[in-house]
Amino acid sequence: MQIRCPTCNKLTTWKENDFRPFCSERCKLIDLGMWASEQYRIIEPAESITYLDKNDEIPQEDKTQKPFSKDTDK
Ligand SMILES: [Zn+2]
């Protein structure tokens, strides 16, 4: 039986293949690594959103009281 490696699309055999459905250990690790980094991306934004929510209440008061130096420069 022949299968296609999901990582590099190379044909490989199912039998006597320690890394199936991948053709090699490298392709298996690449696939696992991509999967892990995708999970990271899902967790990261969720955390920054909660941080923004907390900080949003306090700095908004500060901004209205202090004049912007950029505006006075020009
Ligand atoms: Zn491969």
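Derivation of every value follows stated rules applied to the coordinates shown; laboratory data play no part. All figures in this text were calculated on a predicted structure; none of them were measured in a lab. Backbone-built Cβ (ideal geometry, glycine too); neighbour counts: all protein chains shown.
Listed by first and then second residue, the pairs linking a residue in region 1-27 that is part of a loop (DSSP other than H, G, I, E, B) to a residue that is of a type in the set (A, V, I, L, M) and more than 7 Å from the ligand (Cβ to nearest atom), with Cβ atoms under 6 Å apart and 6 or more places separating them unless they lie on different chains, are THR7/ILE30; TRP14/MET1; TRP14/ILE3; PRO21/ILE3.
For region 13-31, a residue qualifies if it is of a type in the set (S, T, N, Q) and near the ligand (Cβ under 7 Å from one of its atoms), and exactly one does: SER24.
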